[in-house]
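Below: the structure, in structure tokens.
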Amino acid sequence: MDLFLKVGIIVVVLIVIAGAGFIIFQHASGTGAVTSDQAVQFVKSDLIEMNPSANITIINVSPSKLQSGSWDIVLSIAYNATRPCPTLLIQGFDYPATGLVPSLDNLYTTKCVIYGMSGAPSYVISSPEIAIARSYNTSPQSIRTYVSAYGYNNTVVHAKFYAQLNGTVTGVGKNFSNVWLVNYTSRGAKNSEYLIMDSSGSIIANYSA
């Protein structure tokens with residue numbers, strides 16, 4: 001009788017271990033069903049853990065074309081987003097189908113180099129980080145002198161796109177359409193420097209205020 005009892009206990013234990021192993025394998029291999037919100041949370045949490053100082057923004061979430069129950073998640077990752085030369089990359093994940101390995105990995109700008117701009121005659125600047133990098137890369141001497149005087153790490157840069165920019169809010173006194181307004185502000189400085197740049201990256205005005 002004791003023998004049968006022992007065998008029964010061993011069988012139950014093996015079934016429990018096998019079930020737990022299947023669940024763990026299912027989670028590790030990314031075959032478990034998740035909602036879009038859960039998928040985004042898993043991917044974003046992993047990226048934040050690896051890039052704690054980066055600004056991470058969800059661009060798009062859609063059902064996977066690879067596997068039912070999986071999600072295509074596209075994010076932007078920006079480093080030093082408010083410095084004169086930020087880094088911007090776009091990553092895509094198909095989670096849980098391919099786990100936390102990027103299925104898309106495009107570097108847009110780093111060290112004030114904008115990849116793909118020189119080979120695109122009708123390049124359109126689509127993000128503040130690219131606008132900032134372009135503005136500093138082609139900035140007039142006044143901007144470089146300003147950053148040099150107060151320090152790269154002490155200079156905060158912001159860029160905002162305007163479909164219509166009223167001349168009353170600038171130091172130029174004229175209206176502009178479809179432009180980026182880029183602002184350089186440094187601690188200790190009595191003034192800020194501004195650039196107005198068209199959507200293709202050409203500087204059309206600059207002023208101090």
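The values are calculated or read from the model by the stated rules, or taken from the named source; none is laboratory data. Being a predicted model, the structure only gives us computed values, none of them experimental. Quick reminder, even Gly has a Cβ in these numbers, built from the backbone with ideal geometry, and neighbours come from all protein chains shown. Note: areas computed on protein heavy atoms with side chains; ligands, DNA, RNA excluded. Shrake-Rupley method; radii C 1.70, N 1.55, O 1.52, S 1.80 Å.
Quick notes on this one:
- Rounded FRET efficiency, nearest 0.05, which uses the C-beta distance separating Ser177 from Ala33 and R0 of 41 Å: 0.30
- For a straight C-alpha distance cut-off of 26 angstrom, the lysines reachable from Lys160 (same-chain residues fewer than eight places away being disregarded) are Lys44, Lys111, Lys174, Lys190.
- 14 Å beta-carbon shell around Thr82, net charge (K/R +1, D/E -1): +2
- In the complete set of protein chains, residue-level accessible area for Tyr136 is approximately 40 Å², probe 1.4 angstrom.
- Length-normalised contact order of the stretch 127-187 in % [C-alpha pairs under 8 Å, at least 6 apart]: 37
- Counting only protein heavy atoms and a 1.4 Å probe, the stretch 118-209 has 52 square angstrom of accessible area per residue.
- Our estimate of slack between Thr82 and Asp46, defined as 0.36 nm per intervening residue step minus the Cα-Cα distance, is 10.6 nm.
- Neighbours of Val34, meaning other residues whose beta-carbon lies under 15 angstrom from its beta-carbon, give a summed charge of -3 when Lys and Arg score +1 and Asp and Glu score -1.
- Computed with a 1.4 Å probe on the full set of protein chains, the accessible area for Tyr152 sits at about 80 Å².
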